[in-house]
1. Residues GLN103, GLN182: which one is under 15 Å from THR216 (Cβ atoms), of a type in the set (S, T, N, Q) and open to solvent by 10 Å² or more (accessible area, probe 1.4 Å)?
2. Given the residues LEU139, LEU128, LEU99, which is the only one that is of a type in the set (A, V, I, L, M) and in a loop (DSSP other than H, G, I, E, B)?
3. Which is open to solvent by 50 Å² or more (accessible area, probe 1.4 Å) and over 21 Å from the mean Cα position of the chain (by Cα), of HIS78, HIS129?
4. Could you identify the single residue in GLY223, GLY218, GLY183, GLY175 that is in a loop (DSSP other than H, G, I, E, B) and closer than 14 Å to SER146 by Cβ?
5. Out of SER40, SER30, I need the residue that is closer than 22 Å to TYR144 by Cβ, of a type in the set (Ser, Thr, Tyr) and modelled with pLDDT of 95 or more. Which one?
6. Mind telling me which of the residues MET119, MET176 ends up being within 14 Å of ASN61 (Cβ to Cβ) and in contact with a helix residue (DSSP H, G or I) (Cβ under 9 Å, 6 or more places away or on another chain)?
Amino acid sequence: MTSARDELAGLDPFDIFDTEAARLDRFFSSLDEDGWNRPSRCDGWTVRDVLAHLAGEESYNHACLDDDIDGFYELLEHEGVGGGFDGFNEWCVRKRQGLPVEQVLDEWRTRNGETRRRMRALGRDGTLHTSAGPYPAGLQAFHYASEYATHADDVAAPVPPDEAGDRLGWRVRFGMFVLEEQGSPARVERACGRVQVQVDDGLTADLSPEEFVEATVGRLPAGHRLDDRVRSALRCLA
């Protein structure tokens, strides 16, 4: 049986990361004040807040690249940021609320561009020093690309029809990989254009690829028919 890791072998994580960053950049660059203030799919965040989050988390990304995770945590302590990464995310948004949005966009664009260049230079098998320990740069690029794709959907950034199929395909494959990597109780197979899920206690679910991706990133609507135990087992990228 082909493993989820094997299925990622034919994908270029750095190209995918570049594509998702470019999608967000195009969208953000097109917005007027009403667009920036529109609610996003992230609870309590506007589109502008999503940008602030992305800009702020580059301090973590650069700490990974610089092998300076200790310095990152020292920064959070100095700033009085508690609550783990949720607290960090909220702090990133608060810190930029009084800044001109053009300045925040330039910050994100510049720092993320550096992140993507440096990760590509490391190569797929290069080592990145994350908060969870050393991790392959190629796999981390998939994680970043997945986050960018999720936030692009959160703010309703357009996806051209000719990109949608391939984009959905890599997101399904990466979701399957992360479930396998994390030792999830969910076992996932693709068949006839659907995603079949079985959880250790015998629960099963038949999902569309779109539903599967939304489940992995924690974006299924509250009223979705999926059993909460399956929903919990599939949530691995949020």
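The values are calculated or read from the model by the stated rules, or taken from the named source; none is laboratory data. Because the structure is a prediction, the values reported are computed rather than measured. All Cβ positions, glycine included, derive from the backbone under ideal geometry; neighbour counts span all protein chains shown. What goes into the accessible areas is simple: the full protein's heavy atoms, side chains included, and nothing from ligands, DNA or RNA. Shrake-Rupley method; radii C 1.70, N 1.55, O 1.52, S 1.80 Å.
1. GLN182
2. LEU99
3. Of HIS78, HIS129, the one residue that is open to solvent by 50 Å² or more (accessible area, probe 1.4 Å) and over 21 Å from the mean Cα position of the chain (by Cα) is HIS78.
4. GLY218
5. Exactly one of SER40, SER30 is closer than 22 Å to TYR144 by Cβ, of a type in the set (Ser, Thr, Tyr) and modelled with pLDDT of 95 or more, namely SER40.
6. The match here is MET119.
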